[in-house]
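What follows is a short report on a single structure.
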Amino acid sequence: MSKVSGKFGVSDLARFGGEKMFGRVRGTPNLVRPNVEQFLTYSREFFEARRYTNAGPLVRRLEARLAHMHGVKYCIAFANAFWAIVMTIRSLALEGRSELVMPSLTYRRLADIVSWTGLTPHFCEVNKDTLAMDPKFAVKAVNERTALLLAPHPIVNNCDVAGMEELSAKTKIPLVFDSVESAMETYRGTMIGGFGRAECFSMHSSKLINGFEGGYVTTNDAVLAERLGYVRGFGFAAEDRVVALGLNAKLNEVHAAMALAAIDDLPAQIERNRAKYVLYRELLRGIPEIRLLEFDDNEKRCYKTIVVELLNSWPLSRGRTIDILHAEGALVRPYYSPPQHLKKMAYETIAEDLSETERLAERFLLLPCGAHVDEDDISQVVDLLAFLRSRAAEIGSAFDRAALA
Ligand SMILES: Cc1ncc(COP(=O)(O)O)c(C=O)c1O
């Protein structure tokens with residue numbers, strides 16, 4: 001069992017003085033590298049035309065392509081998802097209201113993004129099975145001050161889109177999806193992108209489509225699309241005609257070139273991701289104390305990130321498990337932990353009882369994945385996990401001795 005990871009005894013673990021399993025770290029960000037020639041071919045276009053930014057031809061082509069892929073009328077590219085989300089919320093939030101309902105167990109800086117809109121994040125509980133915002137908990141945080149519902153999709157599968165839309169219709173509070181983790185997936189057979197009033201996506205290098213940095217909003221709302229087109233570029237509607245308070249959050253041409261090349265590679269990337277996911281699934285069957293969060297194969301999925309639950313029967317604490325894996329160069333990450341309501345923020349937030357969120361935040365881990373992780377790495381990681389399980393008692397003693405030393 002330990003032949004793959006090279007660990008035969010506890011002293012072989014890097015945490016306790018042994019040799020590191022990975023010289024170059026294996027992390028969890030996607031970091032896809034599209035074909036460099038493809039990237040340069042796109043880049044030559046803007047370079048030769050001397051069109052570097054300000055809604056250049058590649059940004060427009062990217063927007064058209066993304067709108068088509070998501071099956072929506074409009075796509076508005078931004079410099080990142082951060083400002084895409086801020087400006088979408090600012091455009092749609094009900095006037096005179098001060099709060100925004102969102103889960104605490106989600107992207108660790110999502111509340112910061114909300115704070116830039118001037119609204120106060122009001123955290124709600126999540127569904128224990130999907131780890132996602134759930135209308136039956138979200139409704140408890142809704143009140144007469146609620147300006148908007150922000151529903152982020154979880155890392156594996158989707159939140160209850162229909163339920164959230166129903167809540168939005170019933171309360172007449174606008175609904176925006178943070179769909180960063182569900183890009184190019186389907187919900188009940190329909191592409192993510194056209195639900196709620198708008199959906200927001202990231203093209204950060206760690207995401208499905210690598211534009212180095214970048215983001216975009218999809219919507220079928222013509223008024224919103226026009227407004228976002230202004231506000232991302234200082235609010236200019238025409239030369240010297242500013243129609244709204246804007247900022248500078250435009251996507252530039254070199255980022256669009258990278259994103260277009262990444263989209264060209266997307267079908268192949270999804271196949272590669274799926275092969276790695278299937279291998280993890282197969283190998284993890286040998287460790288019943290670890291549960292892989294399985295992708296719903298009845299929907300279109302991109303298989304980008306591998307999330308596991310350490311069940312109660314797993315014999316080591318999550319902290320010690322992470323400690324050992326990090327020492328080996330396997331940069332596993334706790335899933336959205338700590339949750340946002342437990343962090344010290346520079347702004348006000350509202351949280352009622354979030355005990356389920358707190359419980360869930362202690363249980364999940366992201367395992368190494370992405371373009372820089374290959375099948376051999378996966379075998380080594382799972383083999384190491386099996387080794388940890390088989391030597392848990394000795395490892396526990398080694399930790400205790402190290403603490404006393
Ligand atoms: C769910 C989610 N929303 C928003 C963001 C922010 O994206 P960006 O880095 O493009 O600003 C991220 C980034 O990791 C994310 O994971």
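The values are calculated or read from the model by the stated rules, or taken from the named source; none is laboratory data. None of these values were measured; they are calculated from a predicted model. Cβ sites come from the backbone with ideal geometry, for glycine too, and all protein chains shown count toward neighbours.
Working only within region 100-109, note down all residues that are surrounded by 22 or more Cβ atoms within 10 Å (Cβ to Cβ) and either within 10 Å of the ligand (Cβ to nearest atom) or within 13 Å of Leu149 (Cβ to Cβ) (or both).
First pass over region 100-109, keeping only residues surrounded by 22 or more Cβ atoms within 10 Å (Cβ to Cβ): 100-106.
Within region 100-109, Leu100, Val101, Met102, Pro103, Thr106 qualify.
Of all residues being more than 20 Å from Pro338 (Cα to Cα) and touching a strand residue (DSSP E or B) at 6+ places or on another chain (Cβ under 9 Å) in region 110-134, which is surrounded by the fewest Cβ atoms within 10 Å (Cβ to Cβ)? Just the residue, please. Steps first, answer last, please.
Within region 110-134, the first condition is being more than 20 Å from Pro338 (Cα to Cα), and the residues that meet it are 116-119.
Subset that is touching a strand residue (DSSP E or B) at 6+ places or on another chain (Cβ under 9 Å): 117, 119.
On the way: Thr117: 20, Leu119: 22.
So the residue we want is Thr117.
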Are there any strands (runs of 3 or more DSSP E) wholly within region 99-185 with 1 or more residues that are β-branched (Val, Ile, Thr) and farther than 27 Å from Leu66 by Cα, and if so which?
99-103, 120-124, 146-152
Condition check for Gly196: over 18 Å from Ala77 (Cβ atoms) and not in a helix (DSSP H, G or I):
yes
Taking region 200-226 and keeping residues hydrophobic (A, V, I, L, M, F, W, C), surrounded by fewer than 24 Cβ atoms within 10 Å (Cβ to Cβ) and in a loop (DSSP other than H, G, I, E, B) leaves Phe212
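Condition check: in the same structural domain as Arg97 (by TED's automatic domain parsing), away from the ligand (no atom under 11 Å from the Cβ) and touching a Leu at 6+ places or on another chain (Cβ under 8 Å). Does Val139 satisfy that?
Working: in the same structural domain as Arg97 (by TED's automatic domain parsing): yes; away from the ligand (no atom under 11 Å from the Cβ): yes; touching a Leu at 6+ places or on another chain (Cβ under 8 Å): yes.
Yes, satisfied.
Based on this model, can you work out whether Phe387 counts as more than 26 Å from Pro29 (Cβ to Cβ), modelled with pLDDT of 95 or more and assigned to a helix (DSSP H, G or I)?
no
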Show me the helices (runs of 4 or more DSSP H) found entirely inside region 232-347 where at least 1 residues are out of contact with any His (no Cβ under 7 Å at 6 or more places or on another chain) and closer than 30 Å to Ala79 by Cα.
253-264, 266-284
Being of a type in the set (Lys, Arg) and more than 16 Å from the ligand (Cβ to nearest atom) is the filter; apply it to region 60-93 and report the residue that is farthest from Lys250 (Cα to Cα).
Lys73
Residues satisfying the stated conditions in region 121-136, i.e. more than 12 Å from the ligand (Cβ to nearest atom), farther than 20 Å from Lys172 by Cβ and not acidic (Asp, Glu):
Pro121, Phe123, Val126, Asn127, Lys128, Thr130, Leu131
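Out of Arg197, Arg188, which single residue is more than 16 Å from the ligand (Cβ to nearest atom), buried (at least 18 other Cβ atoms within 10 Å of the Cβ) and charged (D, E, K, R)?
Arg197
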